[in-house]
């Protein structure tokens, strides 16, 4: 089983509870992988809130592909779309998945993560 490195991303003043809820949600959603929460060399960028876009830039490796996860609350989608545009502009592959859509969750678990 592949270990996935997940970066949890939120605005600088985000409460620790937001991160804890994000950890619980991702463990529930991705049920076939070992997950390590780390901002170092992540495979998945999970946008918990808006205002987190700039914190992602130092994590990006131009030789990798990224899965960006977002949801409809707290400007998460807006932050993820901005980062996806940043990746595309630099010819870095990324895919954005809104986790509030059930069909996306089944795709996420069927993929070869």
Expected sort for 99-105, 50-56 on mean C-beta neighbours within 10 Å, highest first, is 50-56, 99-105
Rg(Cα)/(2.2 N^0.38 Å) for the chain, N = residue count: 0.97
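Give me 72, 49 sorted ascending by neighbouring Cβ count inside 10 Å, so fewest comes first.
In increasing order of surrounding Cβ atoms, one gets 72, 49.
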In nm, give the distance between the simple-model label positions of residue 75 and residue 40, each being 7 Å from the Cα along the Cα-to-Cβ direction. 3.0
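Quick note: the coordinates plus some simple rules give every number you see, no bench work behind them. Everything numeric here is computed off the predicted structure, so don't read it as measured data. Using ideal geometry, Cβ is built from the backbone for each residue, glycine included, and neighbour counts are taken over all protein chains shown.
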